[in-house]
1. Residues in the range 76-92 that are within 8 Å of the chain's Cα centre (by Cα) and under 15 Å from S50 (Cα atoms): how many?
2. Taking only the range 69-96 into account, find how many residues are modelled with pLDDT of 95 or more and surrounded by fewer than 16 Cβ atoms within 10 Å (Cβ to Cβ).
3. Could you count how many residues in the range 31-68 are outside any loop (DSSP other than H, G, I, E, B), surrounded by fewer than 17 Cβ atoms within 10 Å (Cβ to Cβ) and either among the polar types (S, T, N, Q) or in contact with a Ser or Thr (Cβ under 6 Å, 6 or more places away or on another chain) (or both)?
4. Need the failing condition index for A99 against (1) crowded, with 20+ Cβ neighbours inside 10 Å; (2) outside any helix (DSSP H, G or I); (3) of a type outside the set (S, T, Y), just the number.
5. For G104, state whether it is small (G, A, S), surrounded by 16 or more Cβ atoms within 10 Å (Cβ to Cβ) and farther than 16 Å from T20 by Cβ.
6. Please verify whether the range 78-87 includes one or more residues that are within 19 Å of R124 (Cβ to Cβ) and without any contact (Cβ under 8 Å) to a residue 24 or more places away in the chain.
Amino acid sequence: MTLLLLFFALFGDAQVPTITGDELVQRADRPMIVHVGFPLLFRGAHIMGSAFAGPGSKPAGIDDLKKLLAKEPREREIVLYCGCCPWDKCPNVRPAYAAVSRMGFTKVRVLMIPENMAKDWVDRGYPTQK
């Protein structure tokens, strides 16, 4: 996992396709949305209808993510998100993205949360569950 984080530190997010909050809420169809952050964040407020997989920075979180997606068709659209901190410091989304890509999913994107979940989702009035 450390090598993966080092890769993203060196090469940036060029390989991580993103979607903005505005783009996600305006969609008529609904991709599978998966929270790959910390449980406390998910319990506090999460995207309505999203599933919880656990932190992408932890082996147990990656294992839970793989279990959650195991029976999903590989062409299913998946949107991953965390929102624990600013995008460039998030320890969870990049390892989760890499794991889902290695599983063979071809339509995976990460929700761009520039600052944090509260500011970039909840405060903007997007659909939220607690």
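1. Going through the range 76-92 one residue at a time, the tally reaches 4.
2. The qualifying residues number 7.
3. 0
4. Of (1) crowded, with 20+ Cβ neighbours inside 10 Å; (2) outside any helix (DSSP H, G or I); (3) of a type outside the set (S, T, Y), only one is false for A99: (2).
5. Considered against the rule, which asks whether it is small (G, A, S), surrounded by 16 or more Cβ atoms within 10 Å (Cβ to Cβ) and farther than 16 Å from T20 by Cβ, G104 comes out as no.
6. no
The values are calculated or read from the model by the stated rules, or taken from the named source; none is laboratory data. These numbers were taken from a predicted model, which means no experiment stands behind them. Note that we place each Cβ from the backbone using ideal geometry, even for glycine, and neighbour counts take in every protein chain shown.
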